[in-house]
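Please treat every number below as a calculation from the coordinates, not as lab data. What you see is a predicted model; the values in this text were computed from it and never measured. All Cβ positions, glycine included, derive from the backbone under ideal geometry; neighbour counts span all protein chains shown.
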Amino acid sequence: MSDRREKHDPAEQDILHEVNAHVHEAARRFEGTGPERDRWEFTCECGAPDCRVPVSLTLAEYEALGAAGRPVLAPGHSKVDAL
C-alpha cells in the first residue's frame with residue numbers, strides 16, 4: 001500500500017490555489033452587489049495527488065480563508081506537507 005504523501009508535488013497545491021483564485025474571480029463577476037448567499041464550488045487544496053474534492057463556499061468564506069493564509073480544505077482533509 002502506498003502512502004499518498006509519496007507522490008506529493010508542491011506545485012500541485014499552487015495550481016489548485018490558482019484554479020480557486022480563478023473561480024473566485026469569475027464568481028465575483030456573477031455575485032452582484034447583494035448579500036453573498038450563493039455558494040461556489042472550489043477545489044480542496046490539501047495537496048494529495050488524487051484529491052479533487054469540491055468545497056462549497058460563499059465568497060465571504062473563501063476570502064476569509066485567504067485573509068487568514070489558510071488553504072481551502074474539504075472536511076476531514078489536512079494540508080499534505082512536501083517530503
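Please sort 53-65, 69-81 by packing, taking for each peptide the average over its residues of neighbouring beta carbons within 10 angstrom, highest first.
Listed from highest to lowest mean packing, they are 53-65, 69-81.
Would you list Cys46, Cys51 from fewest to most Cβ contacts within 10 Å?
Neighbour counts put them in this order, fewest first: Cys51, Cys46.
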